[in-house]
Amino acid sequence: NRVTFGTAEAETVLKHDRRPLGAAPLRLRNRLLRPWFGAVTGIRTSENVAAITFDDGPNPLVTPRILAMFERHGAKATHFMIGDLAQRLPDLVGETLGHGHVVAGHSFDHPSLVRLDAGQRKDQIERGQRALGDGAAPFFRPPYGHFDLPTARSIRAAGLTAVTWTRHCLDWEAHDAA
């Protein structure tokens, strides 16, 4: 069963914590994202499956290796791509789509959208999506997971659905192997 926050509870949380939702505790963040911000954090199915996603590509060194790995295992993923990189590497975007993967937007050049004004936010979302071409799915993942109500409205106004996550590998954090 899925638990959701009521509107009064969400308003109280948001009133007292003005940080972007990317900084909120994960369970609370996921409870708020769907009902209040319209973000997809997961989909219930009767099958035992996981949705795998990648951010920040395409990357000429990493993306081909990811595609080959998924090919070996007969699996697919959603690749949230940065528009600036997609413009510079259109063949890699096409290869990703050609392998049957989903390609979706992740902004034009990866700023934190909650720190931009409305015009800049709109530009980042729309330019990033256009750079992916006609094969792009109508999904968008906010950079860094930074997400607030104005960002949600901008994503919806562009005709896109925000997609976030329920688990994250925190790959940007430095970890000491010792």
Q | Selection from segment 91-114 of residues that are more than 18 Å from K76 (Cα to Cα), in contact (Cβ under 8 Å) with a residue 12 or more places away in the chain and part of a helix (DSSP H, G or I) | A | L113, V114
Q: Look through segment 145-177, keep the residues that are buried (at least 17 other Cβ atoms within 10 Å of the Cβ) and assigned to a helix (DSSP H, G or I), and return whichever of them is modelled with the lowest pLDDT.
A: G145
(Q) Here is a check on your reading of the model: is G94 more than 12 Å from P142 (Cα to Cα), surrounded by fewer than 21 Cβ atoms within 10 Å (Cβ to Cβ), modelled with pLDDT under 95 and not polar (S, T, N, Q)? (A) no
(Q) Step by step: first the residues of segment 60-80, then only those that are outside any helix (DSSP H, G or I) and open to solvent by less than 60 Å² (accessible area, probe 1.4 Å), then the one that is nearest to Q129 (Cα to Cα). Which residue is that? (A) F80
Q | Residues located in segment 121-143, provided they are within 12 Å of V102 (Cα to Cα) and under 16 Å from the mean Cα position of the chain (by Cα) | A | L132, A136, A137, P138, F139, F140
Q: Could you tell me whether G128 is open to solvent by less than 40 Å² (accessible area, probe 1.4 Å), closer than 22 Å to T41 by Cβ and touching a Ser or Thr at 6+ places or on another chain (Cβ under 7 Å)?
A: yes
Q) Only one of (1) loosely packed, with under 15 Cβ neighbours inside 10 Å; (2) assigned to a loop (DSSP other than H, G, I, E, B) is not met by G42, so which one is it? A) (1)
Q: May I ask you to list the residues in segment 45-59 that are in a loop (DSSP other than H, G, I, E, B) and among the charged types (D, E, K, R)?
A: E47
(Q) So F140 passes all but one of these: (1) open to solvent by 20 Å² or more (accessible area, probe 1.4 Å); (2) modelled with pLDDT of 95 or more. Which condition number does it fail? (A) (1)
Q) If G83 satisfies every condition in (1) open to solvent by less than 50 Å² (accessible area, probe 1.4 Å); (2) of a type outside the set (D, E); (3) touching a His at 6+ places or on another chain (Cβ under 6 Å) but one, which is the exception? A) (3)
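The values are calculated or read from the model by the stated rules, or taken from the named source; none is laboratory data. Just so we're clear, the structure is a prediction, and the values are computed from it rather than from any experiment. Every residue, glycine among them, receives a Cβ derived from its backbone with ideal geometry; neighbour counts consider all protein chains shown. For accessibility, only protein heavy atoms count, side chains too; no ligands or nucleic acids. Shrake-Rupley method; radii C 1.70, N 1.55, O 1.52, S 1.80 Å.
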